[in-house]
Amino acid sequence: AIVWDEYLTGPFGLIAQYSLLKEHEVEKMFTLKPGRLPQADVKNIIFFVRPKLELMDIITDNVLREDRGRSPQRDFHILFVPRRSLLCEQWLKEQGVLGSFIHREQYSLDLIPFDGDLLSMESESAFKECYLESDQTSLYHAAKGLMTLQALYGTIPQIFGKGECARHVANMMIRMKREFPGSQNSIFPVFDTLLLLDRNVDLLTPLATQLTYEGLIDEIYGIQNTYVKLPPEKFAPKKQGEGGKDLPTEPKKLQLNSAEELYAEIRDKNFNAVGSVLSKKAKIISAAFEERHHAKTVGEIKQFVSQLPHMQAARSSLANHTSIAELIKDITTSEDFFDNLTVEQEFMSGIDTDKVNNYIEDCIAQKHPLIKILRLVCLQSVCNSGLKQKVLDHYKKEILQTYGYEHILTLNNLEKAGLLKSQTSGRNNYPTIRKTLRLWMDDVNEQNPNDISYVYSGYAPLSVRLAQLLARPGWRSIEEVLKMLPGPHFEERQQLPTGLQKKRQHGENRVTLVFFLGGVTYAEIAALRFLSQMEDGGTEYVIATTKLINGTSWIKSLMEKLEPAPF
């Protein structure tokens, strides 16, 4: 039997489905929770857990409640993901249960494939650990993951990076390479370049509302390990004459990845361009189904029947995405969504970033969700290189008085992370950065985009702009701006064994792996995919990250849970 740390079930599901584990003699699967382990007629129980102390307490409880008198006795084993932890083992020892585990191993799960061009470590606290707790464990895991990738796909000849964490990861990779001379392999390199980017080089992008189809699904419903749960009413099969008596109550769970043809086509489009694609597809599909009336001969009928499964899959895929698009449209056409977006776009284009914003004040007064307020205030702070002290104090006072003093720790975390800060130097660098990197484009084409700014309807993600400019004309052209952004920028070269240097064929694309340390949003992924598809781009991008995030999940990871005192 396997006992799962619940957080790991999602990522593992992308690698090994239950059916595969069953073939390898896994009889039962349980979720890790306090109390006695469920009855199961098995000899071995394996705990799959992240090395976290609070989980060790639950495991201790499970082991101590095990009935030692029963026969046959069950053997315990523990697998730490992604690394063993001395602290956890010491803790289990102090509780007197370490000896109960026959095997204590680690399962090195670093980069998990989410799609053909997307890998994630799904380490939810990586950003907080790096920037608030100065804990670089996740950076070590990132370096390990990159070493594994190089062992499989060849040494990456060029490494570029920007940010403190990027510098650490590159240093660790170089050191690991030196310490394991055997890691020099003779595989022809798949990647030409590795670009390491710190999330705190671009704090702005995740705070803004993503406006691609996939980005909006994530903003509104949250995509967990490629799955999304949606309100079931929209997906109830429509039966005549029943008047919807028994509507489903379980949320509808759908997997979203590029294996689904239609999704691959629309996921990265601006939401305003999705409707026309769906209606075009609907016409094509109904025309295909009409064909059956024209099938006269046995051969024609046979051919129609052979295409049927594919057509039915396309039809149900279209029905699902039409329903999702309707759900999203209900939200994007609401007044509140529009007001919120207007304020975001004003900040990003540099309008009124230095004074208290009326809309934010109104939202606080009406007690809108706290995360929404924090996203806007942080966005304003980032677009103004920090707020004037009295503006910052005003916001803090309003937030604490409305939502409770226990949020003072959260505000403190946001300050530490650089998301919410007072303007110390008295200079606002954002306008210079915005103009030099062309982060704001007034004439954005959402239907047939010609620039990455379509993913936020006007704002081009800074992180992706850096990747784009690195490919050409190169970072030398933006030295001044790079110095304004936090952390060092650097370049390293890794020697390739003779005979493995690439001779580029004419018209062959370069492949760049962009690794976001601290999280990446679906809109940034869409922007990089857009660059990969550009006719004259010349670069294909593969994306790796510590975690797939959106503004909400990101701010949530920085919030402190402080229980108000029971007065």
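Need the C-alpha centroid separation for the stretch 136-206 versus the stretch 543-563, integer Å. Centre-to-centre (Cα) distance: 23 Å.
Carbon-plus-sulfur accessible fraction, the chain (probe radius 1.4 Å, protein heavy atoms only): 53%.
For the pair Asp135 and Thr436, what calculated FRET efficiency results from E = 1/(1 + (r/R0)^6), where r is the Cβ-Cβ distance and R0 = 45 Å, to the nearest 0.05? Show your work: numbers first, answer last.
Values: r = 34 Å, r/R0 = 0.75.
Given R0 = 45 Å and the Cβ-Cβ separation, E is 0.85.
Annotation: Ser108 carries an accessible surface of approximately 70 Å², with a 1.4 Å probe and no ligand, DNA or RNA atoms counted. Amide H to amide H, with H built 1.01 Å from N, Phe30 comes under 5 Å of Ile2, Val3, Trp4, counting only residues 5 or more places away or on other chains.
Sorting His368, His321 on solvent-accessible area from highest to lowest, probe radius 1.4 Å, gives His368, His321. For the set Leu469, Leu437, the ranking by accessible area, highest first and with no ligand, DNA or RNA atoms included, is Leu469, Leu437 under a 1.4 Å probe.
For Phe271, the accessible area of its heavy atoms, probed at 1.4 Å with every protein chain present, is near 30 square angstrom.
The GluC sites (Glu not before Pro) found in the stretch 507-567 that occupy coil by DSSP, while having at most 15 further C-beta atoms within 10 Å, are Glu508, Glu535, Glu560. Counting only DSSP H runs of at least 4 residues, each contributing -39500 (n - 2.57), and dividing by the residue count of the chain, the helix-based mean residue ellipticity at 222 nm comes to -13000 deg cm²/dmol. Which of the trypsin sites (Lys or Arg not before Pro) found in the stretch 313-391 are loop residues per DSSP with 11 or fewer other Cβ atoms within 10 Å of their Cβ? Within the stretch 313-391, the qualifying trypsin sites (Lys or Arg not before Pro) (loop, at most 11 other Cβ atoms within 10 Å) are Lys367. Taking the inverse of the mean reciprocal distance over all distinct Cα pairs, the Kirkwood hydrodynamic radius of the stretch 2-109 comes to 14.3 Å.
Heavy-atom accessible area with a 1.4 Å probe sorts Tyr153, Tyr405, Tyr227, Tyr522, largest first, into Tyr405, Tyr153, Tyr227, Tyr522. On a C-alpha basis, how far is the centre of the stretch 1-35 from the centre of the stretch 327-370 in Å? Whole number, if you could? Measuring centre to centre over Cα atoms gives 42 Å.
Spacing of the modelled spin labels on Phe188 and Gln73, each 7 Å from Cα toward Cβ, amounts to 5.7 nm.
The share of alpha-carbon pairs in the chain lying farther apart than 32 Å comes to 54%.
Exceedance of the 29 Å cut-off in Cα-Cα distance is limited, within the set Lys252/Lys281; Lys22/Lys556; Lys253/Lys280; Lys128/Lys269, to Lys22/Lys556; Lys128/Lys269.
The values are calculated or read from the model by the stated rules, or taken from the named source; none is laboratory data. Model, not experiment: these values are computed from the prediction. All Cβ positions, glycine included, derive from the backbone under ideal geometry; neighbour counts span all protein chains shown. For accessibility, only protein heavy atoms count, side chains too; no ligands or nucleic acids. Shrake-Rupley method; radii C 1.70, N 1.55, O 1.52, S 1.80 Å.
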